[in-house]
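Trainee: Handing you this structure, nothing more for now.
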Amino acid sequence: MVDYRDCKVNLNNNYKLLVLVLLLVSIFSVSVSVSAGADYSTNFALNETSGSSDSQIYSSDTSISSSSDLIIDLQYKSGTDYDIDNDGIEDKETGIVDLTVEDTGFVGDVDTNKLCARWEVYSREEEKTTTVCYGAEQCCGFIDLLATTASWDQVFQLHYGRFGATENNDVTAQVLHVDYDLGRDYYNIFYSGRKTLPVKFLDLSNWQLDIHTDKEYYLPNEAVRFFITNSMEEADVQMSISDGKNVYNIIYTGQAVEFTPTTPGDYTAIVTATLGDNVKTKTFEFTVSEEAVISPTTSRDKLYIARQVYYLGETVEIVLDVENMTSAELDIVSSNTLYRYNNVGELFYFTPPDASQYIVTATVLTPQGEKEFTKNFTVSTGPMKVNLGLENSLRRGLNIEKMELYEVGTKSNLGVLGNRLDMEFGKKYDLLIKLKKDAVQAAASNETNQTNGTDETDDFASQAAQSMNPIKSIFVRGLRAESPDALTLKIDENIADFKYSFSQLYAIDPSGMLFDNATVTVVAQGNVLYKCKDWSFIAQTCENDVWELYMTGLVPGQ
């Protein structure tokens, strides 16, 4: 293989020209550039090939090879108004998915003015690939494409129909560096590997969501079995049940859900399905009573608010579950202030600005006429009783020795009762979680090895001893809460390793917490620590099998 970055300039003109021509012929014989008579109204150059998207910069017939000087990093673009959950799934009618290669890595000095990004959109339905090029004209021209934009790292936006996109697509990106001058026997050409992400456009017009049970009246300690219908399997479904004082978060796995109420009262079950910025919500009310009551036939139309008491800084979720609702207006009154909102949907979020009593009136228009609903809630000051959900991937609780809570900048332990943290909205706290040690671990070592992490979404995996739980403690700095059920921490120890042949796997998922950084104290058995950023707690595997060497020189037992 010839690395063109190391080629000398003493090649004669004829030989150099022959090399470039051969490269173009062997690599781009299937390319079709936009002709002079083409429609330029959409301002992009395209290249289509039928069949699979296997056309690449390199082939067995060429001597050019990919370079480690360019390390491709293709991601869904975060922090924009498009595809806000960054999963590559959007509405077929209105959605836009944006992708970026802006974090592509460079080794050494790379002239970014010589870069271009080759984007391919492969439609699985049509089995066609459309190719466009962003960046330097010489770079795009070398791969027989027009430069759509001058910036190689401009965000790539895709919607249904653009660049041949259909319902199911694969978007592939590749970054190239092309610099040559035939007049002085000079060329410097190298490029990254290819990376692909899926993009889906779904028809949400017929999206159906519903929740129901067999009846509306139950006895205490009688199991309530909920049936949830969700026609959009890509949506994230969350469920909770409220008795007016407490909210119980329910794990929905796609099967029927059971809940056993112990105390009499009126309950409301709410199910919310989210797909990007598209949200659908349904509720179901039932009563728990000591007396057996035959369920009366009543309308299911309702205005739902999860709790009667909120704390200042919390967001109130207001749900309108009204059949055939065409439009709705909300009036929220506090003291002498009226907050009016027109054309609200099924789910509305309201953040009360003051501690007070609030009255919510919803006026809903349906084909059968106008309907009105009223609810009230109270906003209080003071610390929230925040529930810290500590669990493993099997939804089981963890063996906690103790927890200590401190307001940032102080050394006074505020105390933790069970898993309840007294936290005020807007304040930061430090939290120490100590896990109980089993007998084997206690005998192994009294010393620790500390690793620091500041990425809120990272999961960690390591080599350690199979016979012990390696995690001793977790110290979370700058912890903050926005609601009483805002914090979740998942910890898996002694994960069954059927694939990687590590001595031991453990994982921490802090993505359900808001914090600045954290320190994890562990006992090591191996001498090398690896890290997987995209660990799947459900599949118990490292997605894409990308393991990074995180730390070396560890001492087993310490």
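Trainee: Can you name the condition, by its number, that VAL416 falls short on among (1) surrounded by fewer than 12 Cβ atoms within 10 Å (Cβ to Cβ); (2) more than 21 Å from GLN238 (Cβ to Cβ)?
Mentor: With respect to (1) surrounded by fewer than 12 Cβ atoms within 10 Å (Cβ to Cβ); (2) more than 21 Å from GLN238 (Cβ to Cβ), VAL416 is out only on (1).
Trainee: Which ones in the stretch 190-206 are buried (at least 19 other Cβ atoms within 10 Å of the Cβ) and of a type in the set (A, V, I, L, M)?
Mentor: Matches in the stretch 190-206: VAL199, LEU202, LEU204.
Trainee: Out of the stretch 365-377, which residues are more than 33 Å from the chain's Cα centre (by Cα) and either touching a residue at least 60 places away in the same chain (Cβ under 8 Å) or in a strand (DSSP E or B) (or both)?
Mentor: Restricting attention to the stretch 365-377, the residues satisfying the condition of being more than 33 Å from the chain's Cα centre (by Cα) are 365-376.
Selection gives LEU365, THR366, GLY369, GLU370, LYS371, GLU372, PHE373, THR374, LYS375, ASN376.
Trainee: Starting from residues that are small (Gly, Ala, Ser) and closer than 16 Å to LEU431 by Cα, keep the ones in the stretch 512-525 and report whichever is nearest to the chain's Cα centre (by Cα).
Mentor: Ranking the candidates gives GLY512 first.
Trainee: Take the conditions at pLDDT 90 or above and buried (at least 17 other Cβ atoms within 10 Å of the Cβ) and apply them to LEU99. Does it pass? Can you show your working first?
Mentor: Working: at pLDDT 90 or above: yes; buried (at least 17 other Cβ atoms within 10 Å of the Cβ): yes.
It is true that LEU99 is at pLDDT 90 or above and buried (at least 17 other Cβ atoms within 10 Å of the Cβ).
Trainee: Still on this model: Which of the following residues is assigned to a strand (DSSP E or B), under 24 Å from GLU370 (Cα atoms) and modelled with pLDDT under 90: GLU285, GLU323, GLU258? Before you say what the answer is, go through the steps one by one.
Mentor: Values: GLU323 fails: assigned to a strand (DSSP E or B); GLU258 fails: under 24 Å from GLU370 (Cα atoms).
Answer to the check: GLU285.
Trainee: Could you pull out the residue among THR363, THR315, THR351 that is in contact with an Asp or Glu (Cβ under 8 Å, 6 or more places away or on another chain) and at pLDDT 90 or above? Steps first, please.
Mentor: Working: THR315 fails: at pLDDT 90 or above; THR351 fails: at pLDDT 90 or above.
The unique qualifying residue is THR363.
Trainee: Does THR268 satisfy being touching a Ser or Thr at 6+ places or on another chain (Cβ under 7 Å) and either modelled with pLDDT of 85 or more or on the phi > 0 side of the Ramachandran plot (or both)?
Mentor: Details: touching a Ser or Thr at 6+ places or on another chain (Cβ under 7 Å): yes; either modelled with pLDDT of 85 or more or on the phi > 0 side of the Ramachandran plot (or both): yes.
It is true that THR268 is touching a Ser or Thr at 6+ places or on another chain (Cβ under 7 Å) and either modelled with pLDDT of 85 or more or on the phi > 0 side of the Ramachandran plot (or both).
Trainee: For the stretch 54-85, which positions are modelled with pLDDT under 50 and surrounded by 15 or more Cβ atoms within 10 Å (Cβ to Cβ)? Talk me through it step by step, then tell me what you get.
Mentor: Our first condition is that a residue be modelled with pLDDT under 50; within the stretch 54-85, this holds for 54-65.
If the condition is that a residue be modelled with pLDDT under 50 and surrounded by 15 or more Cβ atoms within 10 Å (Cβ to Cβ), then SER55, GLN56, ILE57, TYR58, THR62, ILE64 are the ones that fit.
Trainee: Being more than 25 Å from ARG477 (Cβ to Cβ), in the same structural domain as GLY313 (by TED's automatic domain parsing), among the small types (Gly, Ala, Ser) and part of a strand (DSSP E or B) narrows it down to one of ALA362, ALA355, so name that one.
Mentor: ALA362
Trainee: Find the strands (runs of 3 or more DSSP E) located wholly in the stretch 97-171 whose residues include 3 or more that are closer than 22 Å to LEU70 by Cβ, and list them. Give the derivation first.
Mentor: Details: elements: 97-100, 115-123, 128-135, 147-149, 156-158.
In the stretch 97-171, 97-100, 115-123, 128-135, 147-149 are the strands (runs of 3 or more DSSP E) which contain 3 or more residues that are closer than 22 Å to LEU70 by Cβ.
The values are calculated or read from the model by the stated rules, or taken from the named source; none is laboratory data. What you see is a predicted model; the values in this text were computed from it and never measured. Backbone-built Cβ (ideal geometry, glycine too); neighbour counts: all protein chains shown.
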